[in-house]
Amino acid sequence: MPIDMYSVWLLLTTLTGSIIIIVLTIFRCVAHTSTQRHDTPKGIMNLLGPSTSVRGLLKSRSLANQRLRHTFNITNTFVQADTQTHNIFVGRMKDLLRVQSRHGQWGGFLRIARQAVASELNRYTIGQEFSTAFADLVQIVTLKAIVVSLLDPDRDMESIDAQDLCASATLITELWAMSKQQTSVSSAASSPSTCTPPDVDRLATLSTHLRRLLPDTERYPNPIDFVVPTWETLWRLVATSLAHVYDNKDYRHNFHELLGDPTPGRFRTTSLDSNLCTEWIINETLRLHPPSRHISRSFPLVKEHKGLQILVSLLPKFIRDHLRLDSIIRSEIADIESVHLSTDIWGPDALEFKPRRWERHAGAADSAPTLFAFGYGPLMCIGKSWAPMTAALIVGAILEGIDAERLEIIGTAVIGGRAGWAGWEFKHS
Ligand code: HEM
């Protein structure tokens with residue numbers, strides 16, 4: 001039977017289409033299953049560093065962070081690719097830090113931290129034997145201090161409803177944990193459109209409480225945009241530092257000295273009594289427990305490959321739409337934790353908490369291996385100088401507060417992170 005030209009054309013078109021679809025399916029599978037991990041300083045610097053334009057970095061960060069948008073309704077620069085949102089948001093944050101530093105410098109912050117600790121301890125001690133979960137108290141004290149010192153410096157601390165603090169802290173932590181359980185980092189990043197739907201009820205309750213914490217709708221159209229970057233990492237630095245410090249006399253003495261002279265000079269100066277400085281303790285905590293253990297970047301696969309683009313352009317539009325080509329994503333991860341715990345970099349005692357190791361790196365000539373706790377490159381954290389001293393003062397204020405109330409910290413051998421604080425509590429001694 002003769003084969004007409006139309007049949008040949010139809011056969012070739014179907015064959016070509018099928019091959020393209022098969023190639024794309026293979027690419028999608030490969031992209032989903034293979035996430036490139038960078039676990040050397042050089043690899044991390046290349047991924048996060050300045051070799052790419054800020055625009056490119058913002059794009060790859062926003063693509064990797066779509067889970068945050070889904071989970072929390074975050075709309076800030078962490079989930080947006082455009083430079084305008086970045087400039088406005090980072091500018092606002094820098095303004096907040098500038099205003100905070102004018103408000104009585106660090107002495108002013110210490111007053112706020114002490115007041116936050118005292119009001120929290122009083123809340124529990126009145127009329128009952130004191131016992132409260134370690135992470136709960138750290139979360140609430142840190143959030144209260146952040147709101148009154150940084151986000152809303154005109155706010156009277158007593159006017160903040162304890163329920164709003166408690167519910168905001170708990171819900172952010174729960175939603176974060178749920179989003180991690182539901183979608184692993186790599187699969188969420190690989191395909192934002194397949195993220196599980198957000199927990200609408202929890203999200204609505206969270207936004208009600210956050211709105212009451214930050215009622216100024218003009219300054220804070222979406223309060224979560226400001227609370228997550230400032231509080232979510234800081235409370236964990238406070239908690240992990242406290243966990244290393246509470247049962248060591250030398251370390252505690254160091255924080256006591258800092259409270260007597262709350263200045264960056266004292267933070268960085270070695271105490272004559274302990275031959276330690278508080279900055280080393282905080283650095284060592286950030287090394288062993290970086291709040292951001294991994295930093296992800298994602299890239300749209302088809303846009304990266306000229307060859308794929310040509311193949312795709314041969315497909316009819318309805319097939320291109322059906323294949324959701326923009327959702328084929330390749331991910332790369334800066335494995336901050338691996339580098340911070342590497343024995344090759346930090347020596348055989350890399351897994352031990354040894355703040356004095358930082359003494360070796362105190363001189364400018366012998367610079368320390370890089371800490372990546374605050375990221376690297378153009379999108380590095382703008383709170384990197386503020387957060388360590390802030391955390392140290394909150395740790396000091398908590399230690400002072402529990403001494404005054406004759407409380408003690410009961411800990412376990414396992415130091416938690418966002419979760420994992422079972423068995424840790426504040427108790428009457
Ligand atoms: C212990 C506390 C903190 C840690 C560990 C931390 C960590 C980080 C990291 C790893 C990044 C880079 C993210 C990326 O490259 O994708 C980052 C960015 C950022 N952080 Fe922090 N952060 C902390 C506290 C703060 C505080 C207190 C503020 C605000 C006052 C803040 C504001 C920001 C902002 C605005 C960015 C985005 C910078 C940009 O896009 O150019 N952070 N942070």
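The values are calculated or read from the model by the stated rules, or taken from the named source; none is laboratory data. If you're wondering where the values come from, they're calculated on a predicted model, not measured in any experiment. As a convention, Cβ positions derive from the backbone with ideal geometry for all residues, glycine included, and neighbour counts pool all protein chains shown. Side chains included, ligands, DNA and RNA excluded: accessible areas come from the protein's heavy atoms. Shrake-Rupley method; radii C 1.70, N 1.55, O 1.52, S 1.80 Å.
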Out of the helices (runs of 4 or more DSSP H) lying entirely within the stretch 227-295, which hold 3 or more residues that are open to solvent by 10 Å² or more (accessible area, probe 1.4 Å) and farther than 24 Å from VAL147 by Cα?
249-260, 264-268, 278-288
Residue satisfying all of: in the stretch 296-322; small (Gly, Ala, Ser) and within 16 Å of the ligand (Cβ to nearest atom); surrounded by the most Cβ atoms within 10 Å (Cβ to Cβ) among these:
SER298
Considering only the stretch 311-351, how many residues are aromatic (Phe, Trp, Tyr) and more than 30 Å from LEU288 (Cα to Cα)?
1
Kindly list the number of the only condition in (1) at pLDDT 95 or above; (2) buried (at least 20 other Cβ atoms within 10 Å of the Cβ); (3) hydroxyl-bearing (Ser, Thr, Tyr) that fails for THR205.
(2)
Scan GLY423, GLY416, GLY363, GLY401 and give me the residue that is under 17 Å from ALA133 (Cα atoms), at pLDDT below 95 and not in a strand (DSSP E or B).
GLY423
So, GLU279, is that one on the phi < 0 side of the Ramachandran plot and either in contact with a strand residue (DSSP E or B) (Cβ under 9 Å, 6 or more places away or on another chain) or of a type in the set (Gly, Ala, Ser) (or both) or not?
no
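Here is a list: ALA334, ALA373. Which entry is at pLDDT 95 or above, crowded, with 17+ Cβ neighbours inside 10 Å, within 16 Å of the ligand (Cβ to nearest atom) and part of a loop (DSSP other than H, G, I, E, B)?
Going through ALA334, ALA373 in turn, the sole match is ALA373.
Return the only residue of ALA81, ALA118 being over 18 Å from the mean Cα position of the chain (by Cα), within 12 Å of the ligand (Cβ to nearest atom) and of a type outside the set (S, T, N, Q).
Values: ALA118 fails: within 12 Å of the ligand (Cβ to nearest atom).
None of the others qualify; the one that does is ALA81.
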Among the residues of the stretch 32-60 satisfying the criterion of being touching a strand residue (DSSP E or B) at 6+ places or on another chain (Cβ under 6 Å) and within 27 Å of THR75 (Cβ to Cβ), which is modelled with the lowest pLDDT?
THR35
Anything in the stretch 380-429 that is buried (at least 21 other Cβ atoms within 10 Å of the Cβ) and either near the ligand (Cβ under 10 Å from one of its atoms) or β-branched (Val, Ile, Thr) (or both)? List them, or say none.
ALA387, PRO388, THR390, ALA391, ILE394, VAL395, ILE398, ILE402
Might you let me know whether the stretch 60-70 holds any residue that is closer than 30 Å to GLU257 by Cβ, out of contact with any Leu (no Cβ under 7 Å at 6 or more places or on another chain), away from the ligand (no atom under 16 Å from the Cβ) and not aromatic (Phe, Trp, Tyr)?
no
